[in-house]
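The values are calculated or read from the model by the stated rules, or taken from the named source; none is laboratory data. Values in this document were obtained by computation on a predicted structure and should not be read as measured data. In this analysis, Cβ positions are derived from the backbone assuming ideal geometry, glycine residues included, and neighbour counts consider all displayed protein chains. The accessibility values were calculated without ligands, DNA or RNA, using every heavy atom of the protein model including side chains. Shrake-Rupley method; radii C 1.70, N 1.55, O 1.52, S 1.80 Å.
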Amino acid sequence: MEVGLTVALTNVAVDSDGTILLPGRLVADITRSLPDGEVSVAVRPEQGDVELTAGGACFHLRTLPVEDFPRFPELGESPVTLPAAPLAETIDRVARAASRDEVRPILTGVLFQAEGAKLTMVATDSYRLSVKHTELESTLAETIEANVPARALRELARIIAQQGPDEVSLSLPRNQAVFRAGPVVLFSRLIEGQFPSWRQLIPESFEHEVRLPRDELLEVARRIGQLAQRNAPLRFGFAEGQLTIAAETPEVGDAAEAVPAPYSGEPLEIAFNPQFLVEGLESIETDELVIKLSSPLRPGLLEPVGREDFSYLVMPIRLNV
Amino acid sequence: MAAWRAWPRIFAHVDMDAFFVSVELLRRPELRGQPVIVATGTDATARGVVMAASYEARRFGVHSALPLAVAHRRCPRAVLLPRNLELYRRASAQVMEVLRRFSDRIEVAGLDEAYLDLSGSPTPKARARQLKRDVRAATGLICSVGLAPNKLLAKIASDLEKPDGLCLLEPDGMLEAVGDRPATLIPGVGERTAERLAGLGIRTVADLAAAEDPALQRALGPRLGHALRERARGHDERPVVTGRERKSESRETTFQADVTDAATLRGTLDELVDSVCRGLAAGARSGRTVTLKIRLRPFRTHTRSKTIDEPTRDPERVRAIARELLAAFELDAPVRLLGVGVSSLAADAQRLGSAPVQGALAIEA
């Protein structure tokens, strides 16, 4: 089983216990189309179907054999409790760096590493790497290391947004992650295999560290990025006191904008995939950020200024000019 | 209003009609109207397969991949021409050059086919007609074009009105067009998947389109089953992949008569290695994995590979590895086929020209 979800409905009057299996897509489509008000669900054993009525509408849906439904894992013990809102926000920021390419399944997940009172979430698609540290409210008895599919986490973030729980609990029974958010329990298989040793991918030192206002930089990158179409890169030209962001798409046009930047030294030109760069900038929340660079071929690092809980490493596009 | 106006994207699949044969006929016009077969050899009594057949020859049941001996039985008066891949490559390059005038989003899917993204074109059907005219004017060759909101349907459409066809196909028309064809028509349904589907009673495209999710998922896993059914319903999200990179460079040869002599094998191996290395040099690429392919009588195919640290296309180096693999192979039967390939390719940095390259983190996986 890839992902599983159980939802307890409260506002329900149950006349008799039972279990039925219905085709999911169909039931969801029907439910969405029903008028407001009560829905009644009745099993009709003789016909082997379920009668669903709402307002004047009546549906008879053939049921599927219950034994065909996969077994959900047992809930694990001693769950870790995570504050819900920061978790959802971290997922939004980290999961986008996860790969969507099933060829390397390991990279389609988000690594959860927790030790003591610190949780670290990491994702990379091999072009960029996103790392977020979160302080937990209590100290863990044991360490956690689990690679959770990003798809499942995006689902979890949606559930948190809908349900608005204060906390989410996480437990890790055999090769599964189980998240409980209010009345919803989300199961996901874990991705097997060794997640890349991400720490050694982040250089220890950089030649240049340039502090820039986050909003302005994001705005300029989006503006100029419009002319970086069809895989054309967004070029960052650093010169004394100035950063020029430029883009050019052959047969479409070009664009450039200069912003003041506390840069000194030899001019440096480095190019990035505009989407990777913009997503990195979006993931930073502080007013000011720092770009750390060494050369046009070495990765750049984006970090917030004033807190050390987030890092976004991005590989440049090599220009052959 | 034409249906395509509502399509968010428009793809064209251009498929050359009887490509190899048509290219041959350009220099042998006297053979027009006759059954013509391009094959791996011209001795109808020896081993060899049909690579292409003219429409005249197809009427006799001759098609590509047919053993030459069978083709000869079916149509003894067909003219056999030996294949000339270099000639077809040149013709293909000319065709692709014409296609590039119609879109810069073009995916070359083979010597004789390509996908074009024509999204945004206000008059795609007129563009397709112009494209067919231009290809014919520039090369003397005829093609069929399929227009559709996705690649899958475009490919199916190009086949519907062959030769010299131009056909529009929407998802709704999929089952009417190919519903009764085997499910293997759907990209992603290979032999093994087809077997599993057959276990569910699913044999045709229409069966697959009508299949229930739970059953498919049990047989094929959660994602694949769903994805294949969506394709059978005419839905396909694959984009046009421009500048497709070659994954390997390989050559193989089928012996006219089975070979047991080690010297003959080595000689053939050396020729194959040289040809592979020339191919790599032409594409400015080198590779790290050398693969030897051997088919023994009656029909057992084996491969052996070795990977080295640094990419190479040096014939000496590749030859040494290929010979080592051959020497280590236990030949317990005569050899029908020998092949050499180099994969794990890397492009030469200095030959990349002005194309920018996205760097990657040093992740081992």
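Among the protein heavy atoms, those of B:I308 account for about 20 Å² of accessible surface (1.4 Å probe, every chain in place).
Between B:G146, B:G267, B:G341, the GNM of chain B built on Cα springs shorter than 10 angstrom shows B:G267 fluctuating the most. Model label points for A:T53 and B:T123, set 7 angstrom from Cα along the Cα-to-Cβ axis, are 6.0 nm apart. Using the Cβ-Cβ distance between A:E282 and B:S248 with R0 set to 45 Å, the FRET efficiency works out to roughly 0.70. Starting from the Cα of B:K293, draw a straight line to each of the aspartates and glutamates and keep only those under 12 Å, dropping any in the same chain fewer than 8 residues away. List returned: B:E252.
What is the Cα centroid distance between the stretch B:58-113 and the stretch B:262-338, reported in whole angstrom? With the stretch B:58-113 and the stretch B:262-338 each reduced to a Cα centre, they are spaced 27 Å. Only protein heavy atoms count here; on that basis, with a 1.4 Å probe, B:R58 has an accessible area of about 100 Å².
Compute the relative contact order of the stretch B:170-308 as a whole-number percentage, counting only Cα pairs closer than 8 Å that sit 6 or more residues apart in sequence. Present the calculation step by step, with values, prior to reporting the outcome.
On the way: 118 pairs, mean separation 23.0, N = 139.
Once normalised by length, the contact order is 17 percent.
All other residues whose Cβ lies under 10 angstrom from that of B:P315 are scored, Lys and Arg at +1 and Asp and Glu at -1, for a net of 0. List the lysines whose Cα sits under 30 Å from the Cα of B:K162, skipping any in the same chain fewer than 8 residues away. Counting by Cα, and skipping residues close in sequence, B:K162 has these lysines nearby: B:K125, B:K132, B:K151. Pairs over the 28 Å Cα-Cα cut-off, from the set A:K132/B:K247; A:K292/B:K247; A:K132/A:K292: A:K132/B:K247; A:K292/B:K247. Once the partner protein chains are put back, the stretch A:200-233 shows a loss of at least 20 square angstrom of accessible area, versus the chain by itself, at A:L201, A:R230 (probe 1.4 Å, ligands and nucleic acids excluded). Ligands, DNA and RNA are left out, and with a 1.4 angstrom probe the accessible area of chain B is 51 Å² per residue. Cross-link candidates for B:K155: which aspartates and glutamates have Cα within less than 14 Å, leaving aside residues fewer than 8 places away along the same chain? Candidates past the 8-residue exclusion: B:D15, B:D17, B:E107, B:D112, B:E113, B:D117, B:E170, B:D236, B:E237.
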